[in-house]
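Trainee: Could you have a look at this structure, given as structure tokens, before my questions?
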Amino acid sequence: MKHPIDVIRLPNSPILKNRYLDDPNLMNAQQKTCFYSVFALTLALGFAVDIMVPSLPAITQHFGENDHSGSLIVSSYLMAYAITQILSGYISDVLGRKWLCSVSAILFSISLFMCAHATSLDQLITLRVVQGFCAGFFGVIGRAVLADVFEGEELSKHFATLGLVWAMGPIIAPFIGGHMQTWFGWQSVFYFLSAMSGVIALFVTVVLTETLKERIRFNLSTLVDSYSYVLTKDQFIRLTIAAGMVYAIISSFNVFATYIFQQGFDKSADFYGQVSLLMGVFWLSGQIFYRHLLAKKLWNKQWLMRIYGAGIGSGVLLAICFMAFGAKTWMFIAFPAICFFTASIIYIHTFVYAFSIVSKKAGTASSLVGCISAFVAGATPALTAKAPFEPTLVLIASMVILFIGNWLLNLSSIKQRYPD
């Protein structure tokens, strides 16, 4: 019986798996090139989400737009990135990795340079959509490249490294962007990111070789079957949306807190960058704490409920303090920090369980988890920005509602995982 996917063998395809069997920690030259390329591309992808956040008030003021319209600069990128992930991996299986990765990285750099010369906010947002589409290609293809050249524990280790690289975006990028905004203005942020991604694109174009050893022919029925299998799993859809809701806490904080600190508290852009750096440290600390509990076999339903209580409670306490004392700088640092710590744990917990439900279709599941969660994270601040309320109220409500929403969508899966 013929396999549903026709295979085309690429001529002179190199064997890329680790040949250094005597020391599995060593990488051959091909593997090193691929790892460094994907590492750099992932760094650029993550930086592009958050580095211009401290500049949002300056950008909207420059174009004479209302404050909340700046949220679209972040949301448009995330939503375009989300949508592209649906098919980018499959397209690279058909056409190959190298040139799709290289071309998308080059266009990414060019569009960032053009952002600095945008003449309207609509033009800037359009360019951000282009960047999201490009990131959706080289981001997903980068993960596929690693899967082409590594396997087993080595692949898991390098994927974990990529997760840390991605986490560096919300930690470091706003800190750098805040100082650049203070010293040179908002255009400098796009010049910096364009130059950074341009160097990375050149590196990838020159040194990365084609890693796909077997191309597939486009087969619509196979594609439809894979997505139908995943999309008919109601629990998977609920959990993926739930993961996106806690990730949206980050995007909502970045979009609204920059206005709260710079316009509400009259703080500088680099001060907000330092606040954002602190939030990123708390997010990363939550991931480390969760891994510690798992490693010590201490994680259980009681810990999960404590984390939910602390996360929801941080938003509720922020609301109470806001009503009692008014808006104060300390409360928009302390309570969101707790929220970031707990949201980090809930995100990983939800993400991993959602993925395990449809592990038979791992590739398709990976695309859809990334697509849905990133889309929710991007759409949330875009929608809430239209609310006729001050950024302080929108941020407080977002923290509470998003956390409670995740808990409600997780209820059935919690009962299944922890029946006692």
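Trainee: Which semi-axis lengths, in whole Å and largest first, follow from the square roots of five times the eigenvalues of the Cα gyration tensor of the chain?
Mentor: In descending order the semi-axes read 35, 27, 19 Å.
Trainee: Mind checking which of Gly46, Ser76, Leu56 is farthest towards the positive end of region 27-218's charge dipole, using Cβ charges of +1 (Lys, Arg) and -1 (Asp, Glu) about the Cα centre?
Mentor: Result: Gly46.
Trainee: For region 219-419, divide the Cα radius of gyration by the Kirkwood radius and give the resulting Rg/Rh value with two decimals.
Mentor: Rg divided by Rh gives 1.01.
Trainee: Once each part is reduced to its C-alpha centroid, what is the distance from region 291-340 to region 123-154 in angstrom?
Mentor: Here the two parts' Cα centres lie 32 Å apart.
Trainee: Name the residue farthest towards the positive end of the dipole of the chain from the options Leu368, Gly198, Met114, assuming +1 on Cβ of Lys and Arg, -1 on Cβ of Asp and Glu, about the Cα centre.
Mentor: Highest projection toward the positive end goes to Leu368.
Trainee: Note down the magnitude of the dipole of the chain about its Cα centre, charges +1 on Lys and Arg C-beta and -1 on Asp and Glu C-beta and zero elsewhere, to the nearest 20 debye.
Mentor: Its charge dipole is roughly 1000 debye.
Trainee: Would you calculate a helix-derived [θ] at 222 nm for the chain, using -39,500 (n - 2.57) for each DSSP H run of n ≥ 4 and dividing by the full residue count, to the nearest 500?
Mentor: The helix contribution divided over the chain gives -27000 deg cm²/dmol.
Trainee: Let me ask another. Heavy-atom accessible area of Val376 with all protein chains present, probe 1.4 Å, nearest 10 Å²?
Mentor: 30
Trainee: Filter the cross-link list Lys267/Lys328; Lys157/Lys296; Lys32/Lys98; Lys301/Lys415 down to pairs whose alpha-carbon distance in this structure exceeds 18 Å.
Mentor: Lys157/Lys296, as the Cα separations exceed 18 Å there.
Trainee: I would also like to ask the following. May I ask you to compute the full-extension gain from Phe265 to Leu383, defined as 0.36 nm times their residue separation minus their alpha-carbon distance, rounded to one decimal in nm?
Mentor: 40.1 nm
Trainee: Provide the FRET efficiency to the nearest 0.05 for the Leu294-Val316 pair, computing r from the beta carbons and using R0 = 35 Å.
Mentor: Computed FRET efficiency for Leu294 and Val316 comes out at 0.80.
Trainee: Next question. Ignoring ligands, DNA and RNA, what accessible area per residue does region 215-316 give at 1.4 Å, in Å²?
Mentor: That works out to 44 Å² per residue.
Trainee: Mind grabbing the accessible area of Thr126 for me, 1.4 Å probe, Å², rounded to tens?
Mentor: 90
Trainee: In a Gaussian network model over the chain where Cα atoms closer than 10 Å are linked, find which of Val140, Val207, Val49 has the largest mean-square fluctuation.
Mentor: With Cα springs under 10 Å in the chain, the top fluctuation among Val140, Val207, Val49 is at Val207.
Trainee: Enumerate the helices in the chain for which the Kyte-Doolittle hydropathy averages 0.0 or more and the C-alpha atoms extend at least 27 Å along the helix's axis, using complete DSSP H runs.
Mentor: 29-50, 71-95, 121-149, 152-184, 186-207, 234-259, 269-295, 301-325, 331-357, 362-384, 391-417
Trainee: Full extension from Lys328 to Lys415: what is 0.36 nm times the residue separation minus their Cα-Cα distance, to one decimal in nm?
Mentor: Gain on extension, Lys328 to Lys415, equals 27.4 nm.
The values are calculated or read from the model by the stated rules, or taken from the named source; none is laboratory data. In this text, all values refer to a predicted model and were calculated from it rather than measured experimentally. Glycine gets a Cβ as well: all are built from the backbone with ideal geometry, and neighbour counts include every protein chain shown. The protein model used for the area step is the full one, side chains on, heavy atoms only, and it has no ligands, DNA or RNA in it. Shrake-Rupley method; radii C 1.70, N 1.55, O 1.52, S 1.80 Å.
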